[in-house]
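Heads up, the thing below is written out as structure tokens.
The values are calculated or read from the model by the stated rules, or taken from the named source; none is laboratory data. The model shown is predicted, which means the values in this text are computed figures rather than measured ones. Here the Cβ positions follow ideal geometry from the backbone for every residue, glycine too, while neighbour counts run over all protein chains shown. When the accessible area is computed, the model is the full protein with side chains, heavy atoms only, and any ligands, DNA or RNA have been set aside. Shrake-Rupley method; radii C 1.70, N 1.55, O 1.52, S 1.80 Å.
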Amino acid sequence: MKDVWCIHGKELSSRFFLGTGLFPNPYVQQEAIRASGAEVLTFAIRRVNLESPEDDSILQHLQGEVYAYLPNTSGARTAEEAVRIARLARASGLSDWIKVEISSSERTLLPDPIETLKATEILVKEGFVVLPYTSDDPVICRRLEEAGAAAVMPGGSPIGTGLGILNPYNLGLIIEEARVPIIVDAGLGSAQDVAQAMELGASGVLMNTPVAKAKDPVLMARAMKLAIEAGRLSYLAGRIAKKRYGTASSGHEAYILR
């Protein structure tokens, strides 16, 4: 079954968005990307040489491959900073896709929902394809969608923690109410977390640390890919309802021994 989906008219077959940082070396990075099957790669704009992006140490290792780039505004503390970073990225020819990422706390790295909404409103009006990273609050996710976000990216838990999905109820509400793709971003740590996100009905997941910092990043990339596929199939198949008491699979018919 061909299970494709779209963001702003771009058709995607992979539901895995992969970050490019933290890998031990470029070779492992490339092999992990291939193993993941990801079509969209994300990276912090502050780590890229915008004066010569084609020669940048991050991007030059990806030459010859066809990927959609999703630069992010990691490091921004205000909407104004995020907007300025996004404009610089587009002016350099990187992409008109932008992941708005604004954190007000260096300790938790939790997204600032107010500044994120401000930046999203500005960048949408300027023609960017905006994918904001935000908290798992159904209200702010709806506001971001209303502001014109092409997809909304609520976190499962704080960035890099590997704590998994701390509030599946909220994520379920967000997905249920959304009319744009919901991509679970941040805090995932294992294939189990990824499968849970997909079983909740998420359109995809974005991660970096769980793959790049694994003992075997290439093997973990493949594990995450398979978990996405399994979770997606489980969601489409429809799980059985949870019950308080057991139910025999063979029914309650009486059998007579002869």
Residue in region 119-136 that is farther than 17 Å from residue 99 by Cα and touching a residue at least 24 places away in the same chain (Cβ under 8 Å) present: no
Restricting region 183-213 to residues that are part of a loop (DSSP other than H, G, I, E, B) and open to solvent by 20 Å² or more (accessible area, probe 1.4 Å), the residue that is farthest from residue 142 (Cα to Cα): 213
Test result for residue 140, open to solvent by 40 Å² or more (accessible area, probe 1.4 Å) and farther than 22 Å from residue 161 by Cα: no
Condition check for residue 247: out of contact with any Lys or Arg (no Cβ under 6 Å at 6 or more places or on another chain), over 26 Å from residue 133 (Cα atoms) and β-branched (Val, Ile, Thr): yes
Residue in region 164-175 that is closer than 23 Å to residue 13 by Cα and either outside any helix (DSSP H, G or I) or open to solvent by 10 Å² or more (accessible area, probe 1.4 Å) (or both) present: yes
Answer residue from region 1-32, given it is open to solvent by 30 Å² or more (accessible area, probe 1.4 Å), touching a residue at least 40 places away in the same chain (Cβ under 8 Å) and of a type in the set (D, E, K, R) and is farthest from residue 129 (Cα to Cα) among those: 31
Some residue of region 41-63 being under 14 Å from residue 221 (Cα atoms) and at pLDDT 90 or above: yes
Pairs where the first residue, in region 231-245, is open to solvent by less than 80 Å² (accessible area, probe 1.4 Å) and the second is basic (Lys, Arg) and at pLDDT 95 or above, C-beta under 8 Å, 6+ apart: 232/15
Residues (surrounded by fewer than 24 Cβ atoms within 10 Å (Cβ to Cβ) and within 18 Å of residue 151 (Cβ to Cβ)) located in region 98-127: 113, 117, 121, 122, 124, 125, 126, 127
Of residues in region 66-86 being more than 14 Å from residue 131 (Cβ to Cβ) and open to solvent by less than 20 Å² (accessible area, probe 1.4 Å), the one nearest to the chain's Cα centre (by Cα): 76
Matching residues in region 143-163 - criterion: being of a type in the set (A, V, I, L, M, F, W, C), in a loop (DSSP other than H, G, I, E, B) and open to solvent by less than 50 Å² (accessible area, probe 1.4 Å): 147, 149, 150, 151
Evaluation of residue 121 against (1) out of contact with any Gly (no Cβ under 9 Å at 6 or more places or on another chain); (2) assigned to a helix (DSSP H, G or I) (one fails), failing number: (1)
